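For reference, the structure discussed in these notes is given below.
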Amino acid sequence: YEILRDMNQESDNYVAEMVLLTVGASAPGRSPEGPAAMEDGTAAASRFLIEDVGLAQESFTFENGSGLSRLSRFSPAQFARLLAFMARDPKLGPVFETTLPIAGWSGTLRRRLLDPPALLRIAAKTGMIDYVNCVSGYGVGAGGGKFVFSLLFSDRQGLELTKDLLPIDREAESEWRKTTSVSERFKKVADQILDILARTRF
């Protein structure tokens, strides 16, 4: 719990990779010979997503634990389905939710959604790579009902221009400034949507 909480609060990519490697190392049926590889972790996590959560086998691509890969492919609907699955689990759900940053209070959301009604009523994991910004999690509406959300934004033109660059290999300061500006616009839109959801009676 403490590892996952710290990982989610500050969006620690290195820890995320280590968690997935650990999942792979402890997966049933894995040969104990040799160190675990990232493929062991993604295979074990993919089995969970298919067999337990109910995602279609060919509907997603899972490349690594950090999310720093343009080869990974998940839809907002799939993230929402996973979050709903976790919320229904009486043992894991409450524990998982408490690892997430809280709007206006903690982690990567401590400087976002600082005003009611979203303040303190959104718990979510954020993520970004060049020209892509995401936020997925749980919220409480004006009627006290809980909702699941997943918002993924991408700038297709920017993605095309940088498709051959690794997210961590930015070649120019100007490119970094550009993708940061796009990300900030996406954050504002996401926060506006979450503010509307928090005002809605569920």
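Considering E51, E33, E17, the condition of being closer than 21 Å to N133 by Cβ and either in a helix (DSSP H, G or I) or open to solvent by 50 Å² or more (accessible area, probe 1.4 Å) (or both) is satisfied by E17 alone. Does E58 count as over 18 Å from the mean Cα position of the chain (by Cα), within 24 Å of V132 (Cβ to Cβ) and assigned to a helix (DSSP H, G or I)? For E58, the condition - over 18 Å from the mean Cα position of the chain (by Cα), within 24 Å of V132 (Cβ to Cβ) and assigned to a helix (DSSP H, G or I) - is not met.
To keep it simple, each residue is scored yes or no on (1) open to solvent by less than 40 Å² (accessible area, probe 1.4 Å); (2) under 28 Å from F147 (Cβ atoms).
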position: N13; (1), (2): no, yes
position: P28; (1), (2): no, no
position: S59; (1), (2): no, yes
position: R70; (1), (2): no, no
position: F74; (1), (2): no, yes
position: A84; (1), (2): yes, yes
position: V95; (1), (2): no, yes
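The conditions of being within 15 Å of the chain's Cα centre (by Cα), outside any helix (DSSP H, G or I) and under 29 Å from D130 (Cβ atoms) are met by S66. Close contacts from the range 183-202, counting a first residue that is closer than 17 Å to L152 by Cβ and a second that is among the aromatic types (F, W, Y) and not in a helix (DSSP H, G or I), with Cβ to Cβ under 6 Å and a gap of 6+ residues or different chains, come to F186/F153. For L151, the conditions (1) among the aliphatic types (A, V, I, L, M); (2) closer than 14 Å to D191 by Cβ; (3) open to solvent by 20 Å² or more (accessible area, probe 1.4 Å); (4) touching a Ser or Thr at 6+ places or on another chain (Cβ under 6 Å) all hold with the exception of (4). Out of L120, L159, report the one residue that is farther than 28 Å from G54 by Cβ and either at pLDDT 80 or above or in contact with a Gly (Cβ under 8 Å, 6 or more places away or on another chain) (or both). Going through L120, L159 in turn, the sole match is L120.
The values are calculated or read from the model by the stated rules, or taken from the named source; none is laboratory data. All values derive from a computational prediction rather than experimental measurement. Heads up, the Cβs are rebuilt from the backbone with ideal geometry, glycines too, and the neighbour counts pull from every protein chain shown. Ligands, DNA and RNA are stripped out before the accessible areas are found, and what is left, the full protein with its side chains, is counted by its heavy atoms. Shrake-Rupley method; radii C 1.70, N 1.55, O 1.52, S 1.80 Å.
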